[in-house]
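Notes follow the structure.
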Amino acid sequence: MDARFNMLGNEIAVKFFKRFANASLVIHQSPLPTSTQELVSLRASQINGCGWCIDMHTKEAAAAGATSVRLNLVAAWRESTVFTEAERAALALAEEGTRLADAHHGVSDETWAQVRKHYDDDQIAALVSLVALINAANRLAVIVHQQGGSYEPGMFAAALS
């Protein structure tokens, strides 16, 4: 399957991408741990079937020191012992915030209470923004069939400079 459209080969799409990427910098520079950012991005991308984003966030997480065991268990985080309580709260928020159409309640009060327990207001603002942003990124890539496999760690950061 080939990509349907080159988002970086169109003037309007490039303008949008630059602004979209700048929004991601706010999250990247926030006090939310980078490891949590990558786990959340990876989990939402798995749910949405976004090969490009799975490729990107797996490789960025590994480059930042995530072990293969942790990366391999993200999809089954509830049935594993390698994630902290804080990471588990963030992963639950990522899942519930991604599966809005599947869950009549959206993000549950229980999940929200766990997020509040482990993160301060700035980290929560970044976490909620991240869930929204990664879901938007997944949709962009899935719609145009942007395929995974060619991403190299640091490519996204390099594109911002």
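The values are calculated or read from the model by the stated rules, or taken from the named source; none is laboratory data. Remember, predicted model here, so these are calculated numbers, not experimental data. The accessibility values were calculated without ligands, DNA or RNA, using every heavy atom of the protein model including side chains. Shrake-Rupley method; radii C 1.70, N 1.55, O 1.52, S 1.80 Å.
Per residue, the accessible area of the chain comes to 56 Å² when a 1.4 Å probe rolls over the protein heavy atoms.
How large a share of the accessible area of the chain, in percent, is made up of carbon and sulfur atoms when the probe is 1.4 Å and the other protein chains stay in place? It is 57 percent, rounded to a whole number. Our summary of shape: the Cα atoms of region 85-161 have principal axis extents of 38, 28, 18 Å, ordered from largest down, in whole angstrom. Can you tell me how the chain classifies by the Cα gyration tensor, rounded, prolate or oblate, using a/c under 1.5 as the rounded cut? Judged from the Cα gyration tensor, the chain comes out prolate (a/c at least 1.5, a/b above b/c). Working note: Karplus 6.51/-1.76/1.60 with θ = phi - 60° gives region 43-60 the couplings 5, 4, 5, 4, 4, 7, x, 9, x, 4, 6, 4, 4, 4, 6, 5, 6, 5 Hz, where Gly and Pro are set to x. In order along region 144-152, phi translates into HN-Hα couplings of 9, 6, 6, 8, x, x, 9, 5, 10 Hz, rounded to whole numbers, per the Karplus curve 6.51 cos²θ - 1.76 cosθ + 1.60 with θ = phi - 60° and x for Gly and Pro.
Name the residue, out of H57, H105, H145, whose mean-square fluctuation peaks in a Gaussian network model built on the chain with Cα pairs under 10 Å. Of H57, H105, H145, the most mobile in the Gaussian network model is H105.
Straight-line reach from K59: which lysines have Cα under 27 Å away, leaving out those fewer than 8 places along the same chain? Leaving aside lysines fewer than 8 places away in the same chain, those within reach of K59 are K15, K18.
To the nearest 500 deg cm²/dmol, what mean residue ellipticity at 222 nm is calculated for the chain from DSSP H runs of n ≥ 4 alone, each contributing -39,500 (n - 2.57), summed and divided by the residues?
Values: 8 runs with 105 residues, N = 161.
It comes out at -20500 deg cm²/dmol, rounded to the nearest 500.
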